[in-house]
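These notes concern the structure reproduced below.
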Amino acid sequence: MTDTTDRPSPGQDGPSEAATMLKGPTGAGTSPETRGRTTIADGVVAKIAGTAAREVPGIHSLGAGMTRAIGAVREHVPGGGTSGVTRGVKVEVGEREAAVDIDVVVEYGFSVVDVAAEVRVNVISAVERMTGLDVVEVNLVVDDVNLPDDEEGAEPAEGRVQ
């Protein structure tokens, strides 16, 4: 979990004045945004990053092969776990920064490089906008490519010999 404080205003140099103000006196005479601390759990950042990554066209799913298989089983067991929003997402959250690692499966036909770039942009903007943390990196591992005939429930192709 991490503690975040207000980030310095644009144009501030040196140590953050906002961080310094948070250590000062509290009470009725101080501005409301400096009274108290906000703590953001790692799981919150992971949910935001996972949701943002899934919004990108060309992403089939998140998580490595075994992770996806175990997650699919857990979702079908009553009380087995969450909806899988954070499956394939690992985060490291500090006081003011976060790093994100995501395992993805890309749809066949999409440019892996373009999808990866779009995931980075979407994840960074969502996490920074919603938490105020600076995202220092978003690392992607493209674990698989989903082919159209890989879909569950797809009928097997007819053989040449009958």
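Is at least one residue of segment 75-86 modelled with pLDDT of 95 or more and surrounded by fewer than 18 Cβ atoms within 10 Å (Cβ to Cβ)? No; the residues of segment 75-86 include none that is modelled with pLDDT of 95 or more and surrounded by fewer than 18 Cβ atoms within 10 Å (Cβ to Cβ).
Taking segment 93-106 as the range and being over 16 Å from Val141 (Cα atoms), among the small types (Gly, Ala, Ser) and surrounded by 14 or more Cβ atoms within 10 Å (Cβ to Cβ) as the test, only Ala98 passes. The residues of segment 32-57 that are without any contact (Cβ under 8 Å) to a residue 12 or more places away in the chain and not in a helix (DSSP H, G or I), listed by number, are Arg35, Gly36. From the list Gly109, Gly153, the one residue that fits, being modelled with pLDDT under 95 and surrounded by fewer than 19 Cβ atoms within 10 Å (Cβ to Cβ), is Gly153.
Within the option set Arg68, Arg129, Arg120, Arg54, being out of contact with any Cys (no Cβ under 9 Å at 6 or more places or on another chain) and at pLDDT below 95 holds for one residue only, Arg68.
The values are calculated or read from the model by the stated rules, or taken from the named source; none is laboratory data. This one's a predicted model, so the numbers in the text were calculated from it and none came from an experiment. Positions of Cβ are generated from backbone atoms using ideal geometry, with glycine treated the same way; all protein chains shown enter the neighbour counts.
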